[in-house]
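Novice: Here's a structure for you.
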Amino acid sequence: MSDFIKDVRILICDDHAIVRSGLAKLLAEENWIYSVGEAENGEDMVRKYELFRPDLVLADISMPRMSGIEAVKIIMSKYSNAKILFLSMLFDDQYIYCAIKVGAAGLISKNISRDELIFAIKEVSLGRQYFGPLYDYKKIREIIKKYDGNDNLSFNIAYIKMTCREEEIVNYISQGLTSDEIAEKLNLGKRTVDKIRSTVMQKFDLKTLPALISFAIHYVEDKKNSNTTIDI
């Protein structure tokens, strides 16, 4: 397939207005990308897709009213050639499998760089899949083989694989509390809190404290907004 990129019309879908505006501003720097609309929830995403018929949808997974996953299932059932790229804090092998099964062409973490985001958009626009530099064809096949045949497989979009203690600390981080303050509230040592914070950062590939705080805020809000289990 040729690597020539023509103008790409994108629908941006995220329940956080600041994220949508930030993405729109970033993408506007590329002379071949045009934002044709925004959606703040899954229902709005389906409606806006039918209204604008964009070349590509850039969507979060966890959104109120209807998740991005459910919205993509509806869109793909009507428009099988739709190109969907998920941009989400929810990123692991299970979510990659889920994205593939509903017909999305890619899933990337919100912690990626601007250059990788643009690269992912190019790949999906050209009809290819993109799940990050570590997920080549062989790795994707391994993920599909791993989860195929598990008829009971489901995904709760509000809860990622964290222990109760990790979730507790992430909740306090979202409120702006320091390790000392969290330790005092939970009657734990500061070193214990710091170790759990480090574990969460490693688990979700968070490189900096601002990235951890941003993740915590999104995670807590997503739990409030999306409390449903998705079956695929």
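Each value in this text was obtained by applying a stated rule to the coordinates, not by laboratory testing. Everything quoted here is computed from the prediction, not taken from an experiment. Because the Cβ atoms are built from the backbone with ideal geometry, glycine has one as well, and the counts that use them run over all protein chains shown.
Novice: With point charges of +1 on the Cβ of Lys and Arg and -1 on the Cβ of Asp and Glu, referenced to the Cα centre of the chain, which listed residue (176, 219, 57) lies farthest in the positive direction of the dipole?
Specialist: 57
Novice: In this model, which of 101/139; 78/146; 25/83; 25/78; 146/207; 48/73 are farther than 23 Å apart at the alpha-carbon?
Specialist: Table pairs above 23 Å Cα-Cα are 78/146; 25/78; 146/207.
Novice: Another question about this same structure. Once amide H atoms are built 1.01 Å from N in the peptide plane, which residues 5 or more positions from residue 87, or in another chain, come under 5 Å H to H?
Specialist: Close amide H contacts, sequence-distant or interchain: 59, 60, 61, 108.
Novice: Another question, if that's okay. At a 10 angstrom cut-off on C-beta neighbours, averaged per residue, how do the peptides 5-15, 177-187 rank from highest to lowest?
Specialist: Ranked by mean Cβ neighbours within 10 Å, highest first: 5-15, 177-187.
Novice: If you keep only loop residues by DSSP, which trypsin sites (Lys or Arg not before Pro) in the stretch 45-88 have at most 16 other Cβ atoms within 10 Å of their Cβ?
Specialist: Counting only loop positions with at most 16 other Cβ atoms within 10 Å, the trypsin sites (Lys or Arg not before Pro) in the stretch 45-88 are 65.
Novice: Rank by packing, highest mean first: peptides 135-141, 124-130, 188-194, with packing defined as the count of other Cβ atoms within 10 Å averaged across residues.
Specialist: 124-130, 188-194, 135-141
Novice: Please state the charge dipole magnitude for the stretch 4-104, taken about the Cα centre, from unit charges on C-beta atoms (+1 on K and R, -1 on D and E), reported in debye and rounded to the nearest 20.
Specialist: For this selection, approximately 380 debye.
Novice: If you don't mind, another one. Taking the Cα centre of the chain as the origin, how large is its charge dipole in debye, to the nearest 20, when only Lys and Arg (+1) and Asp and Glu (-1) carry charge on their Cβ atoms?
Specialist: It comes to approximately 360 debye.
Novice: How do 31-39, 85-93 rank on mean C-beta neighbours within 10 Å, highest first?
Specialist: In descending order of packing, they fall as 85-93, 31-39.
Novice: At residue 167 and residue 137, where each label point lies 7 Å from the Cα along Cα→Cβ, what is the point-to-point distance in nanometres?
Specialist: Inter-label distance under the simple model: 4.0 nm.
Novice: Computed from the coordinates I sent, Rg and Dmax of the Cα atoms in Å equals one of (i) 18.1, 60; (ii) 17.6, 63; (iii) 17.7, 56. Tell me the label.
Specialist: Calculated Rg and Dmax of the Cα atoms in Å: the matching label is (i).
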